[in-house]
Number of protein chains: 2
Amino acid sequence: MPKPERHVFICVNQRPAGHPMGCCSERGAVSVWQKFADLLNQKQAFGKIMVSGVRSCLGPCQFGPVVVVYPDAVWYGKVRPEDVEEIFDSHLVGGKPVERLFVPPEVFG
Amino acid sequence: MPKPERHVFICVNQRPAGHPMGCCSERGAVSVWQKFADLLNQKQAFGKIMVSGVRSCLGPCQFGPVVVVYPDAVWYGKVRPEDVEEIFDSHLVGGKPVERLFVPPEVFG
């Protein structure tokens with residue numbers, strides 16, 4: 001296996017139903033993960049791109065589903081399945097991050 | 001929350017008992033994850049370092065437990081709990097990767 005050029009991590013942390021913080025899974029993260037995996041397959045991007053589901057909380061839960069792309073260290077928030085192809089084509093393949101989906105910079109302030 | 005300077009991902013994928021490929025969990029990955037989390041807490045490195053468990057296979061299973069550090073894109077293999085403090089201090093804090101624990105480069109050839 002080659003090292004991936006870009007590695008995308010989708011938070012699929014699960015908290016119990018009714019937990020006050022909620023979780024990315026409750027906000028639709030598993031469908032987002034599935035969409036990334038489907039596109040990886042459809043576009044035959046294995047070896048160039050890797051898609052991983054993360055079991056533990058990545059932090060800015062209120063912006064879930066949270067998606068992080070390395071080595072760029074770009075953090076996306078409130079990602080919906082219908083946003084995934086744009087991230088895939090523009091950023092993962094094309095190298096141009098999708099600014100409209102960034103977690104707001106003040107979250108990291 | 002600040003963006004982490006280094007983000008360590010530990011494969012904690014689980015396959016059913018007896019699966020011919022085995023899995024990182026079977027090879028001790030959960031203890032490795034726990035050790036990173038304990039050190040993060042002991043050394044109060046929150047905000048600088050993030051520790052995440054990955055649910056899906058990262059690839060070179062025969063070198064599990066597999067640990068990947070970004071943004072450096074350094075892949076460690078056969079990591080034991082007693083190796084974790086060296087990775088933590090030398091690489092995550094100090095910026096100097098621990099070469100003796102690298103997944104062999106020919107795996108990525």
Answer yes or no as to whether B:Glu5 is in contact (Cβ under 8 Å) with a residue 12 or more places away in the chain and more than 14 Å from chain A (Cβ to nearest Cβ).
-> no
Please tell me if A:Pro104 is within 14 Å of the chain's Cα centre (by Cα) and closer than 27 Å to B:Ile49 by Cα.
-> no
Sole residue being polar (S, T, N, Q) and under 18 Å from B:Ile10 (Cα atoms), chosen from A:Ser25, A:Ser52 | A:Ser52
Subset of segment A:41-61 [in contact (Cβ under 8 Å) with a residue 40 or more places away in the chain and either among the aliphatic types (A, V, I, L, M) or part of a helix (DSSP H, G or I) (or both)] | A:Ala45, A:Ile49, A:Met50, A:Val51, A:Val54, A:Leu58, A:Cys61
Might you check whether a residue that is within 15 Å of A:Val12 (Cβ to Cβ) and of a type outside the set (Val, Ile, Thr) occurs anywhere in segment A:39-49?
-> no
A:Cys23 passes all but one of (1) facing chain B (nearest Cβ under 10 Å); (2) crowded, with 16+ Cβ neighbours inside 10 Å; which number fails?
-> (1)
How many residues, within segment A:46-95, are within 10 Å of chain B (Cβ to nearest Cβ), of a type in the set (Ser, Thr, Tyr), crowded, with 20+ Cβ neighbours inside 10 Å and within 19 Å of A:Ser25 (Cα to Cα)?
-> 1
Confirm whether A:Pro16 is within 22 Å of B:Pro2 (Cα to Cα) and not small (Gly, Ala, Ser).
-> no
Looking at (1) in a loop (DSSP other than H, G, I, E, B); (2) more than 10 Å from chain A (Cβ to nearest Cβ); (3) touching a helix residue (DSSP H, G or I) at 6+ places or on another chain (Cβ under 7 Å), which is the only condition B:Pro16 fails?
-> (3)
Every residue from segment B:71-109 that is assigned to a loop (DSSP other than H, G, I, E, B) and under 17 Å from A:Pro2 (Cβ atoms) | B:Asp72, B:Ala73, B:Gly77, B:Val103, B:Pro104, B:Gly109
Selection within segment B:28-44 - crowded, with 19+ Cβ neighbours inside 10 Å and either more than 12 Å from every other protein chain (Cβ to nearest Cβ) or among the hydroxyl-bearing types (Ser, Thr, Tyr) (or both) = B:Val32, B:Lys35, B:Leu39
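The numbers here are math on the coordinates, done by the rules we state, and not lab data. This structure is a prediction, so every number in the text was calculated from the model and none was measured. Heads up, the Cβs are rebuilt from the backbone with ideal geometry, glycines too, and the neighbour counts pull from every protein chain shown.
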